[in-house]
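Q: Quick one: structure below, then a few questions.
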Amino acid sequence: MTSQRSNRVSDDKLSKLDLHLPNLYVCPAVRKPTNGQLKDIAHDLGFHYEDEDIQNYKEIIGESIESINNAERLMEPRLPTKYPRLPGYRPNQQENPYNAWYWKCEIQGSRCGKLAGKRIAIKDNVAVAGVPMMNGCFALEGYTPDFDATVVNRILEEGGFIAGKTTCENLCLSGSSYTAAKGPVFNPHDTTISCGGSSSGSAVAVLVGDVDMAIGSDQGGSVRLPAAWTGIVGLKPTYGLVPYTGAWSLEPSVDHLGPMARTVRDCATLLEVIAGYDNGNDHRQCKHIQVHEYVKELEGSNISGISIGILEEGLSNPKADPGLCGVVESVVNQLSSLGASIKRISIPLHSKATDIWNCLSEGIYETTVRHGGVGSGHNGFYPSGFINECAKMIKSRPNDISDQTKLTLMKAEYLKRNYDGRVYAKGRNLTITLREAYDKSLEEVNIIAMPTIPFTPTKLLTKDDSLPEYHRRASEVNINTHPFNLTGHPALSVNAGYLRKLPVGLMLVGRHYDEITIFKVAQAVEKIRDETATKNGFLMT
């Protein structure tokens, strides 16, 4: 404990420190190819050249390499890192009983702002300068970014105190909480069950009060799933509302960062801080993003006149627990007492959304493996350190990634070799149809409601469980969450009550950029839920 505490310094000392972070990644000069290398490349591409031709190509390519090296000597732009910090430490088990934390640190931002006095946790796939980043994977252990992600900088600018990096699933490719390299994250409600993933540590740190709020990422439900199984609030905002700059990408078309908190009001506060255009750094964003004063608009608001559609397909999945669906329906129906209109709706294509999401495997492969957790072909900021670390991970430490990640990559490589992008293209095109189906329903209702996960938390797996069971458990939870990563609609999970003493998540989906209506309904859910609990003398069972 002494060595851990020695990393901490007083506010007076911090104010006198200058932040001198090393340039942790320097791209080496690009070398010219040899004749042998070009021969191998030509052969692999199916080209047939004589030695004289290879020599000619070598000279031409060599001239281009000289030009590239001229560019290598120029200074790249970097994301700002404004506030001093020390690297922190890995907490021991006594300080970290649920394994929610990968790393702890103390970074104090501005002394005033919307987050003044608030402690914030950052998921460990989001860069914090000078603080180790592992992204749940042993193959990345030892990497330390030299920049702050845009959301981190915005939190610090508004007075937030960053308390550390939270444990996430291995490369974020699991909806459960048992694939992280440093061990499973335990659910405080019952340490034998999953707390959902991949933003598992963020959810638990919020639940137990270690922090007031947290940042999670969501590509298939990774904010909403752990929010549901821990009983907190988690929002996947409209695609592009919150800049993803400086976070490790899984697949650019489904990447989202979002706020997690114990209350709707706190979730809205954090969104207000992190949302908004990032000056062209993030290609996922459009230029004219409007950020609302969400907290101000929530004050004294009501849901009179808001229409809510309970989605039939969200309740009728074969894996759904009727008791859990009953809790969700009961709470939504009670919203009519506050002026909302409730009806049942059907969107048949909802049940096919996971099939469409699975078509994106090649995109995950291209982003995660070939393009260093960044992607390619877009305008914006490229964290070159991510690319360097990813190259080392795949070339020298491939067996340090999880079995779930290996499954995803092998499937993607198979599709790439045999179907040349056709499956990915079909998935992206079907996403257009899927988005139109939800948009059509959202012309009739303001909000679509369903269980976040249609069953209660499942048992944590152990090394004795079979590989098929391991893979199934990691992906079965996304039935209702996958669709809205594809379509970009905002979706929030709020606790609707409890079933057999375990939390039940209600997911509210709204029109693009209409987070405020979602917040209003979610706040009404909190009111109904808490009144019911008080009336009964205990939480709903």
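Q: Could you give the size of the charge dipole of region 230-349 about its Cα centre, using +1 on the Cβ of each K and R and -1 on the Cβ of each D and E, expressed in debye and rounded to the nearest 20?
A: 140
Q: Nearest 10 degrees is fine. How inclined is helix 264-274 to the longest principal axis of the chain, computing both from alpha carbons?
A: The answer is roughly 30 degrees.
Q: Taking the chain as the reference, fit the longest principal axis to its C-alpha atoms, fit the long axis of helix 35-44 to the helix C-alpha atoms, and give the angle between the two in degrees, 0 to 90, nearest 10.
A: Approximately 50 degrees, to the nearest 10.
Q: Considering the values [x] 23.8, 88; [y] 22.1, 70; [z] 29.2, 99, which represents Rg and Dmax of the Cα atoms in Å as calculated for the structure under consideration?
A: Looking at Rg and Dmax of the Cα atoms in Å for this model, the match is [x].
Q: Could you give the angle, 0 to 90 degrees to the nearest 10, between helix 322-334's Cα long axis and the longest principal axis of the Cα atoms of the chain?
A: It works out to around 70 degrees.
Q: Would you mind putting 305-314, 206-215, 192-201 in packing order, based on average other-beta-carbon counts within 10 Å, highest first?
A: So the order, starting with the most tightly packed, is 192-201, 206-215, 305-314.
Q: With θ set to phi - 60° and the Karplus curve 6.51 cos²θ - 1.76 cosθ + 1.60, what are the ³J(HN,Hα) couplings of region 380-390 in order, to the nearest whole Hz, using x for Gly and Pro?
A: Running phi through 6.51 cos²θ - 1.76 cosθ + 1.60 with θ = phi - 60° gives x, 7, 10, x, 4, x, 4, 4, 4, 5, 5 Hz.
Q: Would you give the gap between the C-alpha center of region 228-262 and the C-alpha center of region 113-175, rounded to a whole Å?
A: One Cα centre to the other: 13 Å.
Q: Can you order the peptides 259-270, 404-415, 242-253 by their average number of other Cβ atoms within 10 Å per residue, highest first?
A: Going by the mean number of other Cβ atoms within 10 Å, highest first, we get 242-253, 259-270, 404-415.
Q: Given the rule -39500 (n - 2.57) for each run of at least 4 DSSP H residues, summed and divided by the residues of the chain, what is its mean residue ellipticity at 222 nm, to the nearest 500 deg cm²/dmol?
A: Result for the chain: -10500 deg cm²/dmol, rounded to the nearest 500.
Q: Arrange the peptides 463-475, 67-79 so that the one whose residues have, on average, the most other Cβ atoms within 10 Å appears first.
A: 463-475, 67-79
Q: Please name which of Ile364, Asn379, Met393 has its Cα lying farthest along the dipole of region 361-424 towards the positive end, using unit charges on Cβ (Lys, Arg +1; Asp, Glu -1) and the Cα centre as origin.
A: Farthest towards the positive pole: Met393.
Q: Okay, moving on. Compute, for the chain, the length of the dipole vector about the Cα centre, with Cβ point charges of +1 (Lys, Arg) and -1 (Asp, Glu) only. Units Debye, rounded to 20.
A: 1160
Q: Right, something else. Assign unit charges at the C-beta atoms only (+1 for Lys and Arg, -1 for Asp and Glu), then state the dipole size of region 361-424 relative to its Cα centre in Debye, rounded to the nearest 20.
A: Result for region 361-424 is approximately 140 debye, rounded to the nearest 20.
A short reminder: the numbers here are calculations on the coordinates, not readings from a lab. Remember, it's a predicted structure, so these values are computed and weren't measured experimentally. Because the Cβ atoms are built from the backbone with ideal geometry, glycine has one as well, and the counts that use them run over all protein chains shown.
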